1. Given 37 °C and 0.692 mPa s, compute D for the chain with the Stokes-Einstein relation, Rh being the Kirkwood radius over Cα pairs; round to the nearest whole µm²/s.
2. Quick check on the chain: helices-only [θ] at 222 nm, where DSSP H runs of length 4 and up contribute -39,500 (n - 2.57) each and the sum goes over total residues. Nearest 500, please.
3. How high is the relative contact order of the chain, in percent, with contacts defined as C-alpha pairs under 8 Å that are six or more residues apart?
4. Which peptide among 49-55, 17-23 comes first, and what is the full order, when sorted by highest mean count of other Cβ atoms within 10 Å?
5. Would you look at the GNM of the chain, springs on alpha carbons closer than 10 Å, and say which of L164, L92, L114 moves the most?
6. Going by average Cβ neighbours within 10 Å, how do the peptides 173-179, 150-156 rank, with the highest at the top?
Amino acid sequence: MKKSWIIIAVIVIFAIIVYGWFKTTYNTMVAMDEGVKSQWAQVENVYQRRADLIPNLVNTVKGYATHEKETLEGVIEARSKATSVNIDANNLTPQSFAAFQQAQQGLTQALSKLMVVVERYPNLKANENFLELQAQLEGTENRIAVERKKFNEVTQAYNTYIKLFPKNMLSGMFGFQQKPYFKAQAGAEKVPEVKF
């Protein structure tokens, strides 16, 4: 009779340990997945901040550079494309992520062209509103870089956790999938050519 109680006790203790491990592992995966989503929301937040600054910047430049219509329209069009590409944090797939990065890269390139145009207008470069907007835009670009870095760190921790054995079996069972990273755009490794 004692042996059967011991066997039952061992089985119950084992079941409690296994249940505790499953519960802890699952809850950690949920918490890390939510961390990735939260950090993604912060990345979108700083990109939105940049998009919100652009109309003011374009309007300021428009007053000085009336014959630079093509460049200004390019910035407006790129902003429109960038703000139209939204990703649901629950569906961070490599394809949707690549579309988002491509739209944001188009906006970055259009802003670079705008800054080249600005160099031709010394009065604009001295304009207080323009200088303030330019400083805010530079600050926002720095924030974007910081938030993208944080996103990659949170994503790496999550991806590593769900891939480790034996957690990888649970992650597959419960539908936790690897999240994509921000990567440098193609050609970013090349040094830009500067001509005077």
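1. Details: Rh = 20.2 Å.
It comes out at roughly 162 µm²/s.
2. About -27500 deg cm²/dmol.
3. Details: 132 pairs, mean separation 58.6, N = 196.
Reported as a whole number, the value is 30 percent.
4. 49-55, 17-23
5. Greatest mean-square fluctuation among the candidates belongs to L164.
6. In decreasing order of mean packing, 173-179, 150-156 become 150-156, 173-179.
FYI, it's all coordinate maths here, none of it is from the lab. Fair warning: this is a prediction, and the values are worked out from it, not measured in the lab. With ideal geometry, Cβ positions are generated from the backbone for all residues, glycine too; neighbour counts draw on all protein chains shown.
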